[in-house]
Amino acid sequence: MKLSSVILAAGQGKRMHSALPKVLHPVLGKPMILHALEIAAVLTDDLPVVVVGHGAGAVCQAIQGRASWVVQEKQLGTAHAVRQAEPQLRGKTDLVLVTSADMPLLTSHTLARLVETQKNQAGPLTIGTVTLADSHGFGRVVRAAKDGSVQAIVEEAQASPEILALRELNAGVYCIRSDWLWDTLERVPISPKGEYYITDLVELAVKDGLPVQGVSMGAEEAIGVNTRVHLAEAERVMRQRVNTAWMERGVTLIDPAATTIETDVVIGRDTLIWPNTYLRGHTHLGEACEVGPNAVLRDTRTGSRCSLPACYLDGVVLGDGVTLEPFSVLKDEARLGTNGGAENSLLELEKGD
């Protein structure tokens, strides 16, 4: 079954209090929208369709070549946003995966489970859910006692005390059968706020006697960024994930909480990283290097066995065995090596990527 991705990125993000569109705020050095696109690319063959609105020009520039896009001229809710993708997708795909660009912590593993569940069920819709003690204002998921299927998503403002006591919440991630989606979106009623919500698809499916399934996901993955506080929380979780992955692959971090490694960085095994080190951009480190403390490397490539204490390197290439003096500042494609080691080391690194 062919799977297509729709990523919602039209919101203004008023609570960010920023001139920058919300989805362009970076998490671990990369705009949130790019995190969403990278996860979608793991699951789908075609380019994702991004629904843009506020700051459309800047967002489209950021995603150029990575996605197609449609413009939601008026932000009239999530169901209305998905409808904007209909001309690109109707009749061209079997399943539509709907995610939001402000959820940078979603993983391809979780989304693959969601898609697989939808492929193996008779109904038209599978939703992602999360169980939290604090509802964060998310809608409550109501399940049938008999078979555990999802019967409703009840928004907090409309929930009775019994519904408010439920702790399973709507995570805002959906996999939907395409042949059912587009006609059903036309049936979504307008809300008292004058918007159309994708959550109403659950009620419409149940009314038609069609089952809806729910797939639980980790609490961290459901973090949606609406404020700078949420942004910092997402940054912390992403940093911990990346640092843990590198330690499991043979890199030593003296203090992971005081080390920042962006997602496109590559590190050779047996490298030791001291606290207050920032590895940014497309930095590639060779094996058995020692970096920091208090070092910043951006778009820098090194050979193996380099010693880089308390330095600032930007766009630098270093050969094997280079040792820098503390407080060195090198940038603008500077190259240092022994016996031409910089060129050889760079070639070896590229072969190993």
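Could you check, for the range 145-158, whether at least one of its residues is closer than 25 Å to Met238 by Cα and surrounded by 21 or more Cβ atoms within 10 Å (Cβ to Cβ)? Within the range 145-158, not a single residue is closer than 25 Å to Met238 by Cα and surrounded by 21 or more Cβ atoms within 10 Å (Cβ to Cβ). A residue that is of a type in the set (A, V, I, L, M), farther than 30 Å from Ala159 by Cβ and surrounded by fewer than 24 Cβ atoms within 10 Å (Cβ to Cβ) occurs nowhere in the range 74-84.
Return the residues of the range 190-216 that are part of a loop (DSSP other than H, G, I, E, B) and small (Gly, Ala, Ser); say none if nothing qualifies. If the condition is that a residue be part of a loop (DSSP other than H, G, I, E, B) and small (Gly, Ala, Ser), then Ser191, Gly194, Gly209 are the ones that fit. Taken over the range 285-299, the criterion of being assigned to a loop (DSSP other than H, G, I, E, B), free of Cβ contacts under 8 Å to residues at least 40 places away in the same chain and over 25 Å from the mean Cα position of the chain (by Cα) is satisfied by Glu287, Ala288, Cys289, Gly292, Pro293, Asn294, Ala295. Figure legend. Inter-residue proximity from the range 136-152: first residues more than 15 Å from Ala205 (Cα to Cα), second residues of a type in the set (A, V, I, L, M) and surrounded by fewer than 17 Cβ atoms within 10 Å (Cβ to Cβ), beta-carbon distance below 6 Å, spacing 6+ or different chains. Indicated pairs: Arg140/Ala159; Arg140/Ile163; Arg140/Leu166.
Within the range 265-284, residues that are at pLDDT below 95 reach no partner that is part of a strand (DSSP E or B) and surrounded by fewer than 19 Cβ atoms within 10 Å (Cβ to Cβ) with beta carbons closer than 8 Å at six or more positions or on different chains. Against the criterion of being in the same structural domain as Asp102 (by TED's automatic domain parsing) and touching a residue at least 24 places away in the same chain (Cβ under 8 Å), Ser160 does not qualify.
Against the test of being in contact (Cβ under 8 Å) with a residue 40 or more places away in the chain, exposed (fewer than 14 other Cβ atoms within 10 Å of the Cβ) and under 30 Å from Leu95 (Cα atoms), the options Gly214, Gly209, Gly194, Gly172 yield a single qualifying residue, Gly194.
Apart from one condition, Pro275 fits all of (1) touching a helix residue (DSSP H, G or I) at 6+ places or on another chain (Cβ under 6 Å); (2) closer than 26 Å to Ile39 by Cα; the exception is (2).
In the range 74-179, counting only helices (runs of 4 or more DSSP H) that sit wholly within it, the ones holding 3 or more residues that are within 20 Å of the chain's Cα centre (by Cα) span 78-83, 108-119. Here His54 clears all of (1) under 10 Å from the mean Cα position of the chain (by Cα); (2) farther than 19 Å from Ala222 by Cα except the condition numbered (1).
Between Ala245, Ala288, Ala234, Ala257, the distinction of being at positive phi and not basic (Lys, Arg) belongs to Ala288 only. Filtered by the rule that a residue be touching a strand residue (DSSP E or B) at 6+ places or on another chain (Cβ under 6 Å) and at pLDDT 95 or above, the range 220-238 gives Ala234, Glu235, Met238.
Checked against the criteria, Leu231 does not count as within 23 Å of Pro124 (Cα to Cα) and not in a loop (DSSP other than H, G, I, E, B).
Among the residues in the range 8-16, are any polar (S, T, N, Q), without any contact (Cβ under 8 Å) to a residue 12 or more places away in the chain and out of contact with any strand residue (DSSP E or B) (no Cβ under 7 Å at 6 or more places or on another chain)? Among the residues of the range 8-16, not one is polar (S, T, N, Q), without any contact (Cβ under 8 Å) to a residue 12 or more places away in the chain and out of contact with any strand residue (DSSP E or B) (no Cβ under 7 Å at 6 or more places or on another chain), which makes the answer no.
The values are calculated or read from the model by the stated rules, or taken from the named source; none is laboratory data. Quick caveat, the model's predicted, so the values are computed rather than measured. For neighbour counting, all protein chains shown are included, and Cβ atoms are generated from backbone atoms with ideal geometry for every residue, glycine included.
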